[in-house]
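Participant: Below is the structure I would like to discuss, written out as structure tokens.
Nothing in this text is a laboratory measurement; each read-out follows from the coordinates by a stated rule. Being a predicted model, the structure only gives us computed values, none of them experimental. As a convention, Cβ positions derive from the backbone with ideal geometry for all residues, glycine included, and neighbour counts pool all protein chains shown.
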Ligand code: PLP
């Protein structure tokens, strides 16, 4: 092992794949082997690898203005143009945009803005945040406390209480249904639990409810019909913000512009990163409603500044890249094309339903997961993550990168520019790997 402390890796593992270059939707290792990138890196390289327009944009912006910050009223045109463009695109009223560089820090900024806002309007007690079981919202101390995956919480002693984090049910019918509940009964029960929690805690203490419209790292959970409608009604009733974490689902991933659109959500706040720049440069955005921003203006003047900002908030290279990415998304109808390819991808996934290892298949647009189970009839999960690890490794040996999530689900999230012929190639490789996994579980 080199001297790197690898992120989200067992320290007992050795380097398994050393990548050297990428082109289109393929990456190549240091032995020259080709892999179809079925996960767009970490759900992010929407326009694939080696896009010349984006490379030129980076170079041009680097030559023009390599760096500038945004503290104390400094700005630059490309940052202002990007915020105008995003404001036009997002379903948040009179949106205002705070820039960062990762999904985690976008969520941290939101936690701080929520507190700042409720202090500004004289409701300092309204600061708790409801997250859901199985949520993934990042790994910083604050965003990591919103995350509910055991592996991200274990041994880190995250300050959940200090941050006022509350956890409600996940919306995964396949694993969450009790005693033969229908989907509608499941939705009634878990949204009932949400309302009960709000009343027990006191609505005046709860600032926001955060959700990935469709989850990523917890296994691509698509909530049943009617779930978000009920959640949204409860939140409106008690004056609680709907905070959509669109770090994965933003920008054409789920068959529409945003996951909120696909799931019928009207968010008050949104978090973006990843596909915002197709991962050509780290940049994130925390989007809030215009009236929240207006309410914070006097308070920031009173203390001199809104005392939150990163050295790289609004990095001009990140802004230039994100602006170009938005131009490409719109000019080349990327979302519409991805919606069509997404339908094809979902149909290819559905074709695995009779495979003896497959328990559940889920997804929307160009994101999906196929869950492998120990008992197909009962939907019993495997006791350990070994089968998930095996399918991931077998796919890799067969020239396909997928990711094992939530134990034994194989996740698919190819670049949005993947063609139908490449989707065929992806599932041909996956099918072969799945059959080989049968031998592993014997
Ligand atoms: N939110 C969601 C929904 C994510 O999937 C992720 C990362 O996968 C994050 C936040 C954190 O983003 P980052 O890894 O850029 O900090």
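Participant: Please build a GNM for the chain, connecting alpha carbons under 10 Å apart, and tell me which residue among 362, 115, 331 fluctuates the most.
Facilitator: 331
Participant: Using Cβ contacts closer than 10 Å as the measure, can you line up 348, 196 from fewest to most? Could you put the intermediate results ahead of the total?
Facilitator: On the way: 348 19, 196 11.
Final ranking by Cβ density, sparse to dense: 196, 348.
Participant: Sort the following peptides by mean Cβ neighbour count (other Cβ atoms within 10 Å, averaged over residues), highest first: 367-374, 431-438.
Facilitator: On the way: 367-374: 24.1, 431-438: 17.0.
Result, highest mean Cβ count within 10 Å first: 367-374, 431-438.
Participant: If you don't mind, another one. Could you order peptides 332-339, 42-49 by the average number of other Cβ atoms within 10 Å of their residues, highest first?
Facilitator: On the way: 332-339: 18.0, 42-49: 22.8.
Ranked by mean Cβ neighbours within 10 Å, highest first: 42-49, 332-339.
Participant: Take the alpha carbon atoms of the range 222-370, find their radius of gyration, then divide it by 2.2 N^0.38 Å using N residues; give the quotient. Display every interim value, and only then the final one.
Facilitator: Working: Rg = 18.8 Å, N = 149, 2.2 N^0.38 = 14.7 Å.
So the range 222-370 has a normalised radius of gyration of 1.28.
Participant: What nm distance separates the two modelled labels at residue 56 and residue 439, each placed 7 Å from Cα along Cα→Cβ?
Facilitator: 4.9
Participant: Can you put 88, 53 in order, fewest other beta carbons within 10 Å first?
Facilitator: On the way: 88 9, 53 12.
Ranked by crowding around the Cβ, least crowded first: 88, 53.
Participant: Just want the ordering: 157, 29, 108, from fewest to most Cβ atoms lying within 10 Å of their own Cβ.
Facilitator: Values: 157 8, 29 15, 108 25.
Lowest to highest Cβ neighbour count: 157, 29, 108.
Participant: Taking the chain as a Gaussian network, Cα atoms linked when under 10 Å apart, which of 264, 363, 250 shows the biggest mean-square fluctuation?
Facilitator: Result for the chain, Cα springs under 10 Å: 264 fluctuates most.
Participant: Can you classify the range 84-237 as rounded, prolate or oblate using the Cα gyration tensor, where a ≥ b ≥ c are the square roots of its eigenvalues, rounded means a/c under 1.5, and otherwise it's prolate if a/b beats b/c and oblate if not? Don't skip to the end; give the middle numbers.
Facilitator: Details: a/c = 1.39, a/b = 1.34, b/c = 1.04.
Taking the square roots of the gyration eigenvalues as a ≥ b ≥ c, the range 84-237 is rounded.
Participant: For the chain, what does -39500 (n - 2.57) per DSSP helix run (n ≥ 4), summed and divided by total residues, give at 222 nm, in deg cm²/dmol to the nearest 500? List each step's numbers first, then the result.
Facilitator: Details: 16 runs with 180 residues, N = 442.
So the helix-based figure for the chain works out to -12500 deg cm²/dmol.
Participant: If you don't mind, another one. Please build a GNM for the chain, connecting alpha carbons under 10 Å apart, and tell me which residue among 12, 74, 393 fluctuates the most.
Facilitator: Of the options given, 12 has the highest mean-square fluctuation.
Participant: Right, here's the next one. Using the basic label-point model (7 angstrom from Cα toward the beta carbon), what is the residue 88 to residue 350 distance in nanometres?
Facilitator: Between residue 88 and residue 350, the simple spin-label model gives 3.6 nm.
Participant: Also, I was wondering about something else. Can you pull the one-decimal nm distance between simple spin-label points at residue 167 and residue 376, each 7 Å off the Cα toward Cβ?
Facilitator: So the label points at residue 167 and residue 376 sit 3.3 nm apart.
Participant: Based only on Cα atoms, what mean projected area does the convex hull of the chain have, in nm²? Don't skip to the end; give the middle numbers.
Facilitator: Values: hull surface 86.3 nm².
The Cα convex hull of the chain, projected and averaged over all directions, gives 21.6 nm².
Participant: Assuming a viscosity of 0.692 mPa s and a temperature of 37 °C, what translational diffusion coefficient in µm² per second does Stokes-Einstein assign to the range 363-442, Rh being the Kirkwood radius over Cα pairs?
Facilitator: Values: Rh = 13.0 Å.
Approximately 253 µm²/s, per Stokes-Einstein.
Participant: Right, another one. Expected output is a single nm value to one decimal: the length gained when fully extending between residue 125 and residue 34, i.e. 0.36 nm times separation in residues minus the C-alpha distance. What is it? Let's see the in-between values first.
Facilitator: On the way: separation 91, 0.36 × 91 = 32.76 nm, distance 5.45 nm.
Between residue 125 and residue 34, full extension yields 27.3 nm more.
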